[in-house]
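Step one of this worksheet: look at the structure below.
The values are calculated or read from the model by the stated rules, or taken from the named source; none is laboratory data. Remember, predicted model here, so these are calculated numbers, not experimental data. Positions of Cβ are backbone-derived with ideal geometry, glycine not excepted, and every protein chain shown enters the neighbour counts.
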Amino acid sequence: MTGPLMVTAALGADGLTPRQTVFATIVVVGLLVTVFELVRRRTMRIEYAWLWIITGFALFVLVFRYNWLLALTGWIGAVDSTSTLMIFSVIFLVVLAIHFSIRISQLTNRVKNLTQEAALLQLAVDDLRKERAGSGRDARPETPPEVPAERTG
């Protein structure tokens, strides 16, 4: 007797061998520690960290509730639990790519608008310098008058 039933019986009730459980736990804990450290160092913003924290906890749950993954596999009609993980990994990456494409588009528009505003401000400064030079005054900016010290008391 070979096949998926034999493999499932060999894995035990949890579905994962102790070695697989330890390895998956180490990977998930490593992911979460890395995310928390990136947030602590301000390398990653908290708004993006939530995505990875939720992903880490979902993986953690699947490690200890492997039967939930098997139920999900049966529900979507996949042949094997690894197929289910692969399908959801691809969906996750597609959603992540769409999210970052939207974010990059927003930032691109913002940079374009800021560049245009800076160009308009530079044009206004150049016009003021030309007016000042045309009126015979020095084109350099005047130094502001000194402000008297505030009185206390």
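For V94, indicate whether it is within 21 Å of V63 (Cα to Cα) and surrounded by fewer than 11 Cβ atoms within 10 Å (Cβ to Cβ). No; evaluated as a whole, the condition is false for this residue.
Taking the range 32-56, which residues are modelled with pLDDT under 95, loosely packed, with under 13 Cβ neighbours inside 10 Å and either in contact with an Asp or Glu (Cβ under 6 Å, 6 or more places away or on another chain) or in a helix (DSSP H, G or I) (or both)? I46, E47, W50, I54, listed by residue number. Output the number of residues of the range 56-95 satisfying the condition of being among the basic types (K, R) and touching a residue at least 60 places away in the same chain (Cβ under 8 Å). Matching residues across the range 56-95 total 0. For the range 97-128, filtered to residues that are surrounded by 11 or more Cβ atoms within 10 Å (Cβ to Cβ) and not aliphatic (A, V, I, L, M), the residue that is farthest from L16 (Cα to Cα) is R103.
Within the range 16-26, can you find the residues that are free of Cβ contacts under 8 Å to residues at least 12 places away in the same chain, in a helix (DSSP H, G or I) and either on the phi > 0 side of the Ramachandran plot or surrounded by 12 or more Cβ atoms within 10 Å (Cβ to Cβ) (or both)? Spell out how you get there, then give the answer.
Kept after step one, since they are free of Cβ contacts under 8 Å to residues at least 12 places away in the same chain, are these residues of the range 16-26: 17-20, 22-23, 26.
From what is left, the residues that are in a helix (DSSP H, G or I) are 18-20, 22-23, 26.
Listed by number, the residues that qualify are Q20, V22, F23.
Taking into account only those residues within the range 44-64 that are among the β-branched types (V, I, T) and under 14 Å from the mean Cα position of the chain (by Cα), which is nearest to T84 (Cα to Cα)? Reasoning before the result, please.
Keep residues of the range 44-64 that are among the β-branched types (V, I, T), which gives 46, 53-55, 61, 63.
Next cut, under 14 Å from the mean Cα position of the chain (by Cα) only: 46, 53-55.
Values: I46: 29, I53: 21, I54: 18, T55: 15 Å.
By that ranking, first place goes to T55.
What are the residues in the range 36-68 that are hydrophobic (A, V, I, L, M, F, W, C) and more than 16 Å from S89 (Cα to Cα), if any? Spell out how you get there, then give the answer.
Start the filter on the range 36-68 by keeping residues that are hydrophobic (A, V, I, L, M, F, W, C), which leaves 36, 38-39, 44, 46, 49-54, 57-64, 68.
Result: F36, L38, V39, M44, I46, A49, W50, F64, W68.
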